[in-house]
């Protein structure tokens, strides 16, 4: 069985003109685990995702995948990366299967292989009977599941999800959260789950709290609560995000 | 990454363009209505005003409809090339561009695949137009319909590349309307699509030279000659050169950082 993927972010800063989006961010994902990136809106989570996915160039610092700088091994990174962005990237006028076929082809898979894998992923996510429907006809929760199925199609080793459950009802949020968690156990996927919703985290999750572009704390939720004398993740989050800029 | 990988990617990009084309049947119709209006209405009005002398590749006197048909074929390619760029701006705004950018396959290959895919879709529309024009009395040699295929493909890729190059410079969808006015209409009217260049020279020397430097003029001539089973070497060289130049420029200027939008960042 392949070793779970590793990802290290070291001293990464990013600016939009004079605005600082990320300020000396360092964090390491625990391989094969559900890693949580917790931060309020505007904390810099999406900017970090854009850097991890090479949509933005790194201005300062370094990001290493499997020990190598992602600037040295961009294709290896992209081939190993499954991503669900905050904003949907599905083509609403195409069917579920057509969206998956397009993505699979962009990863160099044959149509036959894509259909085989799509059946597997869609069944696992409870969408096997919806594959010929247009995405536009699906509700928000199902669209998110399609995006997850698509992100898994090329068998990535690292799965990044940026606010994947935002805007969904509680039941859909929980279902998606649990489905992604099971990937860590069953497929040894390393997951980075960015969110501002505290109920999506579990005390044992390796967690990074990002606020105003800076890492405020990192460790398991339980250890952070203990170290900061907080009764729960909600109190912990409030403790760090109610502070003004340093 | 082997050759099969690249071919699968090409296949995927072509299929997506085709699926989108099927979804947008009204786009197909509007692409046909525009040149047909020129062929039927405009040509009827101008037939008397514009006498066309015997000029290569024509062996005899021709109707004005026959003269403008190749230019109208290129008009379809011109509008489609620019409209496809519009769809790139749309993809960028809607976020679906990220799917393309997240591919581990060479970005240049994917962009060229997209250009060829758009060109292939445009060819369907051009042949539909030629079919209707045939009914209206424009009858080039039957073999010319085959000979013109590579010429049309080259022209379509050239115009798509120009559109892609321009789209890299457009920040928002709304700005594209201006580019349409500043690019499509000057390119079309300052060419040999509607009138032979010697006619233009009679009116204005400098306008004639602008037309000569317009790659669209040479694209039209390449198609015109091919349709009548002749090869215009100069037109081929200029069209191929412009295709290569704009493809390289489009690929170089395609900047992913401009193609995605980050979530707003608080100060």
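So is residue A:18 without any contact (Cβ under 8 Å) to a residue 40 or more places away in the chain and within 14 Å of chain B (Cβ to nearest Cβ) or not?
yes
Within the stretch A:71-84, does at least one residue satisfy the condition of being more than 7 Å from chain B (Cβ to nearest Cβ), surrounded by 15 or more Cβ atoms within 10 Å (Cβ to Cβ) and over 29 Å from residue A:143 (Cβ atoms)?
yes
What are the residue pairs meeting all of these: first residue in the stretch A:22-36, first residue in contact (Cβ under 8 Å) with a residue 12 or more places away in the chain, second residue assigned to a loop (DSSP other than H, G, I, E, B) and surrounded by fewer than 16 Cβ atoms within 10 Å (Cβ to Cβ), Cβ atoms under 8 Å, and 6 or more apart or on different chains?
A:31/A:3; A:34/A:202
Is at least one residue of the stretch B:215-228 surrounded by fewer than 13 Cβ atoms within 10 Å (Cβ to Cβ) and either assigned to a helix (DSSP H, G or I) or out of contact with any helix residue (DSSP H, G or I) (no Cβ under 7 Å at 6 or more places or on another chain) (or both)? Before the answer, list the steps.
Looking only at the stretch B:215-228, we keep the residues that are surrounded by fewer than 13 Cβ atoms within 10 Å (Cβ to Cβ), and these are none.
Checked against the condition, which is being surrounded by fewer than 13 Cβ atoms within 10 Å (Cβ to Cβ) and either assigned to a helix (DSSP H, G or I) or out of contact with any helix residue (DSSP H, G or I) (no Cβ under 7 Å at 6 or more places or on another chain) (or both), the stretch B:215-228 yields no hits at all.
Name every residue in the stretch A:150-172 that is over 18 Å from residue A:185 (Cβ atoms), in contact (Cβ under 8 Å) with a residue 40 or more places away in the chain and not in a loop (DSSP other than H, G, I, E, B), in order of residue number.
Selection gives A:150, A:160, A:162.
Which of the residues belonging to the stretch B:15-51 are at the interface with chain A (Cβ under 9 Å from one of its Cβ atoms) and outside any loop (DSSP other than H, G, I, E, B)? Please lay out each step first, then the result.
Residues of the stretch B:15-51 at the interface with chain A (Cβ under 9 Å from one of its Cβ atoms): B:15-16, B:19-20, B:23-24.
Scanning the stretch B:15-51 gives B:15, B:16, B:19, B:20, B:23.
Find the residue count for the stretch B:46-80, including only residues that are at pLDDT 85 or above, in contact with a helix residue (DSSP H, G or I) (Cβ under 8 Å, 6 or more places away or on another chain) and under 22 Å from residue B:146 (Cα atoms).
Number satisfying all stated conditions: 13.
Got at least one residue in the stretch A:66-73 being touching a helix residue (DSSP H, G or I) at 6+ places or on another chain (Cβ under 8 Å), over 19 Å from residue A:216 (Cα atoms) and free of Cβ contacts under 8 Å to residues at least 40 places away in the same chain?
For the stretch A:66-73, residues touching a helix residue (DSSP H, G or I) at 6+ places or on another chain (Cβ under 8 Å), over 19 Å from residue A:216 (Cα atoms) and free of Cβ contacts under 8 Å to residues at least 40 places away in the same chain: present.
Can you tell me which residue in the stretch A:40-49 is farthest from residue A:25 (Cα to Cα), limited to those that are more than 11 Å from the chain's Cα centre (by Cα) and facing chain B (nearest Cβ under 7 Å)?
Pass one, the stretch A:40-49, residues more than 11 Å from the chain's Cα centre (by Cα): A:40-44, A:47.
Subset that is facing chain B (nearest Cβ under 7 Å): A:42, A:44, A:47.
Values: A:42: 15, A:44: 10, A:47: 11 Å.
Of everything passing the filter in the stretch A:40-49, A:42 is farthest from residue A:25 (Cα to Cα).
So if I check each of A:233, A:209, which one is at pLDDT below 85, crowded, with 22+ Cβ neighbours inside 10 Å and in the same structural domain as residue A:5 (by TED's automatic domain parsing)?
Exactly one residue qualifies, and that residue is A:233.
Exactly one condition in (1) more than 14 Å from chain B (Cβ to nearest Cβ); (2) touching a strand residue (DSSP E or B) at 6+ places or on another chain (Cβ under 9 Å) is not met by residue A:3; state its number.
Every listed condition holds for residue A:3 apart from (2).
Go through (1) loosely packed, with under 14 Cβ neighbours inside 10 Å; (2) part of a helix (DSSP H, G or I) one by one and return the number of the condition residue B:163 breaks.
(1)
The values are calculated or read from the model by the stated rules, or taken from the named source; none is laboratory data. Source: prediction; values computed, not measured. Using ideal geometry, Cβ is built from the backbone for each residue, glycine included, and neighbour counts are taken over all protein chains shown.
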